Amino acid sequence: MKNKTIIHVENLTKMFGDFTAVNAISFEVKKGEIFGFLGANGAGKTTAMKMLIGISTPTSGTAQVADFDVYTNPDGIKKNIGYMSQKFALYDDLTVKENITFYGGIYGLSPRQIKEKRCQLVDELGLEDVVNELVISLPLGWKQKLAFSVALLHNPKIIFLDEPTGGVDPITRRQFWEMIYKTAHNGTTVFVTTHYMDEAEYCDRVSIMVDGKIEALDTPQKLKQQFEVDSMNDVFLKLARG
Amino acid sequence: MKRFIGFIKKEFYHIFRDRRSLFILFGMPIAQIMLFGFAITNEINNVDISILDKSKDATTKEIINKISSSEYFSIKQNIANESEIEASFKKGKVKAVLVFEKDFSKKLTKENRATVQIITDATDPNTANTISNFVSSILQKYQQEINRDLQIAYQVVPETRMAYNQELKSVFMFVPGVMTIILMLVSAMMTSISITREKELGTMEILLVSPLRPFEVIIGKVFPYIFLSIINAVIIVLLSVFIFKMPVQGSFFLLGFESVLFIVNALSLGILISTISETQQTAMMISLMGLMLPVILLSGFIFPITSMPLALQVLSNIIPAKWFIIILKGIMLKGVGIMLLWKETIILIAMTVFFIILSIKKYKIRLE
């Protein structure tokens, strides 16, 4: 099971006019893997990710995500993936319960499924006391966990996390990574971009993008050996500085 | 469909939980109609005037009586000589002074000619103009009365009739304008703000990654505002009919149809604004400066288009509000039907289609 390919990308390219944002990248992600997608700001991470989640059409190359083609079936991709961004993107003026109901609803879950999922989620996150509170009143860490759980409501095959731990404290980050591990353990593939190199160490495999190209791709262990350094941070610096 | 209902429910939560937007939605229309109806008015009513009567004879008394018995004027003060005129104005209450010359009656009968001087406070030119017109017409009426028995050959007597608004009620002019402004504000500004809000929060991204199609997202955002704008239009019409006795001569059905058309037009403008602005603030500024100002200045709501410089007259044609005001006035005051309003209606439809196509294009570019 673990060896089944769930994201298959070959020579994927995106051009904006003369500017090549993503330059013929190729990689594969296996089912249940935690795949770190690293790169400096402007390296093309976000553009690449947008193509994979079906909201941007590639200029050339091929990509299949959860067995759906990015050109012909972006809708199929959308149904089978979850997405969470740095902004957490919950509605502040809706309660926890209303947020869950809304997001469950747009993924086509039935009211009964939503209720089941909600009870399970509230139980797991210990949100019993605040389920009818507006999200705005929750601490950042809770919002982050809630946003993550909401993105998983419809049991996606892959979850895409775009810098999910920006602006939260180390303890919360640690807890959040525990949730990520648990999710991956349950068979959901995790595709994560991050700026924190210590987080890169937690990934099964890591790719590093520089100027639109993937310059390195392997397990953190092998990357450190390859570049003869002690930490992912140094790997990144070596690559980014060219 | 179920997804859509969930979306709309969420949209209503946003609207009803935000006091500011609720106030803009429902407080504003009522406040504006009341303001324009009661407070801001071109009409004159019980204007204070002073009289300097130098002859104090039967004729002047009769004229003064006629003036004071009209509902337009009330005589505040009788002054004794010219030097007091200035003081009378300076106190600020008195808007006009009538000066009857000496031996008024005698001059009138012997020389066939006597003068009344009307001095008005022209710090407010419009009111001054209206006052002098009203006084003149009272004098003219009196003149006709005393001349009734005399045979004067070849006399031209102008008889004016103010068609469609006989009493020159300014509220009749304001209602169509206010209705236009409110619908524009609610539809265009509120939708553009609510769409850019999702962009700012990052939820738009989530919605676009979800199985909802982009057009479903937009329709879902816009639909509640169509509904609320229609309610607003109904409130405004009811207020103006029952409180200000504004007539609706034409068909209510046509009025409803044209209002919905204008609402959709304004909504498509709102969507267009939201495609070019990234933040709520930008959306609000563009709506206010780009929409509200032209609507107020160039739609013929307050300033007549025919008296504008040619360039502005041409420019006013691209303002949807101009056409809607023509339609509203036509239906409400003149009672005309679609046969006479088809041109304006087609212009509005064409503009709406244009805005929608443009926003779809912009939206697609953004998604790339």
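The values are calculated or read from the model by the stated rules, or taken from the named source; none is laboratory data. Computed from a prediction, not measured in an experiment: that's the story for all the values here. Positions of Cβ are backbone-derived with ideal geometry, glycine not excepted, and every protein chain shown enters the neighbour counts.
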Residue check, A:N23 over 30 Å from A:L140 (Cβ atoms), away from chain B (no Cβ under 13 Å) and in a strand (DSSP E or B): yes
The listed residue being at pLDDT 85 or above and loosely packed, with under 14 Cβ neighbours inside 10 Å, out of B:T60, B:T115: B:T115
Residues to consider are B:P214, B:P247; find the one that is touching a residue at least 60 places away in the same chain (Cβ under 8 Å), crowded, with 16+ Cβ neighbours inside 10 Å and not charged (D, E, K, R). B:P214
Can you find a residue in the range A:145-159 that is farther than 27 Å from B:I8 by Cα, within 20 Å of the chain's Cα centre (by Cα), within 13 Å of another protein chain (Cβ to nearest Cβ) and not aromatic (F, W, Y)? yes
From the list A:K238, A:K157, A:K182, exactly one residue is of a type outside the set (A, V, I, L, M), modelled with pLDDT of 90 or more and surrounded by 15 or more Cβ atoms within 10 Å (Cβ to Cβ). Which is it? A:K157
Among (1) assigned to a loop (DSSP other than H, G, I, E, B); (2) among the β-branched types (V, I, T); (3) at pLDDT 90 or above, B:V157 falls short only on (3)
Do we find a residue being touching a strand residue (DSSP E or B) at 6+ places or on another chain (Cβ under 6 Å) and part of a loop (DSSP other than H, G, I, E, B) anywhere in the range B:94-111? yes
Under the condition of being in contact (Cβ under 8 Å) with a residue 24 or more places away in the chain and of a type in the set (S, T, Y), which residue from the range B:81-115 is nearest to B:D48 (Cα to Cα)? B:S88
So the helices (runs of 4 or more DSSP H) completely within the range B:1-58 holding 2 or more residues that are without any contact (Cβ under 8 Å) to a residue 12 or more places away in the chain and within 14 Å of chain A (Cβ to nearest Cβ) are B:2-17, B:19-22
State which residue pairs qualify: first residue more than 8 Å from chain B (Cβ to nearest Cβ) and inside the range A:98-121, second residue among the polar types (S, T, N, Q) and assigned to a helix (DSSP H, G or I) in any location, beta carbons under 8 Å apart, and separation of 6 or more residues or different chains. A:G104/A:Q113; A:I114/A:T101; A:R118/A:T101; A:L121/A:S149
Over the range B:23-50, the set of residues at pLDDT 80 or above and in contact with a Lys or Arg (Cβ under 9 Å, 6 or more places away or on another chain) is B:V47, B:D48, B:I49, B:S50
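Here's the yes/no breakdown for (1) basic (K, R); (2) assigned to a loop (DSSP other than H, G, I, E, B); (3) at pLDDT 90 or above; (4) closer than 30 Å to B:M34 by Cα:
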site	(1), (2), (3), (4)
B:V175	no, no, no, yes
B:I181	no, no, no, yes
B:M184	no, no, no, yes
B:S187	no, no, no, yes
B:M190	no, no, no, yes
B:I193	no, no, yes, yes
B:L208	no, no, no, no
B:P211	no, yes, no, no
Select from the range B:68-92 the residues that are within 22 Å of B:I138 (Cα to Cα) and either part of a loop (DSSP other than H, G, I, E, B) or in contact with a Cys (Cβ under 6 Å, 6 or more places away or on another chain) (or both) and list them in ascending order. B:S70, B:E71, B:Y72
Scanning the range B:265-299 for residues that are surrounded by 23 or more Cβ atoms within 10 Å (Cβ to Cβ) and over 18 Å from B:K361 (Cα atoms), which turns out farthest from the chain's Cα centre (by Cα)? B:A283
Determine which single condition A:E124 fails, assuming it passes every other condition in (1) within 11 Å of another protein chain (Cβ to nearest Cβ); (2) surrounded by fewer than 20 Cβ atoms within 10 Å (Cβ to Cβ); (3) under 23 Å from the mean Cα position of the chain (by Cα). (1)
Condition set within 30 Å of the chain's Cα centre (by Cα) and surrounded by fewer than 17 Cβ atoms within 10 Å (Cβ to Cβ), scope the range B:16-27, selection nearest to B:S229 (Cα to Cα): answer is B:F26
Among B:I218, B:I271, B:I230, which is the only one that is within 15 Å of B:T180 (Cα to Cα), assigned to a helix (DSSP H, G or I) and not hydroxyl-bearing (S, T, Y)? B:I230
Taking into account only those residues within the range A:43-91 that are among the hydroxyl-bearing types (S, T, Y) and not in a loop (DSSP other than H, G, I, E, B), which is farthest from the other protein chains (Cβ to nearest Cβ)? A:T62
Given the conditions (1) at pLDDT 85 or above; (2) part of a helix (DSSP H, G or I), which single one is not true for B:R366? (1)
Helices (runs of 4 or more DSSP H) enclosed by the range A:126-242 - at least 3 residues per element that are among the aliphatic types (A, V, I, L, M): A:140-151, A:170-185, A:232-240
If I filter the range B:204-226 for residues that are away from chain A (no Cβ under 14 Å), more than 22 Å from B:T282 (Cβ to Cβ) and among the β-branched types (V, I, T), do I get at least one hit? yes
Which listed residue, of A:F191, A:F176, is surrounded by 14 or more Cβ atoms within 10 Å (Cβ to Cβ), under 24 Å from A:E28 (Cα atoms), modelled with pLDDT of 90 or more and within 14 Å of the chain's Cα centre (by Cα): A:F191
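Residues are listed down the side, and each one gets a yes or a no for (1) at pLDDT 90 or above; (2) under 23 Å from the mean Cα position of the chain (by Cα); (3) of a type in the set (G, A, S); (4) closer than 30 Å to A:N155 by Cα:
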residue: B:F215; (1), (2), (3), (4): no, no, no, yes
residue: B:I218; (1), (2), (3), (4): no, no, no, yes
residue: B:I231; (1), (2), (3), (4): yes, yes, no, no
residue: B:L239; (1), (2), (3), (4): no, yes, no, no
residue: B:V248; (1), (2), (3), (4): no, yes, no, no
residue: B:L255; (1), (2), (3), (4): yes, yes, no, no
